[in-house]
Amino acid sequence: MAKRKARKRKTATKTDSLRSKITTSWKNLVLFIVLFVFSLLLYNVSSSPLFLNLFAVFSILFGFVVFALLLVLIVLLIIRASRR
């Protein structure tokens with residue numbers, strides 16, 4: 001039986017991994033900022049108490065997620081800057 005040639009896999013460097021993490025965190029941050037602004041707009045426009053409470057909770061939740069993603073992005077950018 002013939003032996004198969006082992007292919008060398010290209011190992012991802014740490015900078016490639018860090019770059020993909022930064023890109024992902026940017027995308028998530030933009031998405032949740034849009035959701036936060038949209039929920040705030042709906043909170044201001046709605047008149048029913050049920051919708052007011054619902055959109056208030058959504059805006060608080062999305063606000064915390066935006067803050068957390070912003071912190072993650074800042075940490076990743078600091079890590080990238082310290083490697084250079």
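Whole number please: convex hull volume per residue, Cα atoms of the chain, in Å³. Let's see the in-between values first.
Values: hull volume 11.1 nm³, N = 84.
Each residue corresponds to 132 Å³ of Cα convex hull volume.
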Seminar exercise, completed: In degrees, nearest 10, the alpha-carbon axis of helix 14-45 is tilted away from the dominant principal axis of the alpha carbons of the chain by 10 degrees
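Read-outs: derived from the displayed coordinates by stated rules, not from any lab. Source: prediction; values computed, not measured.
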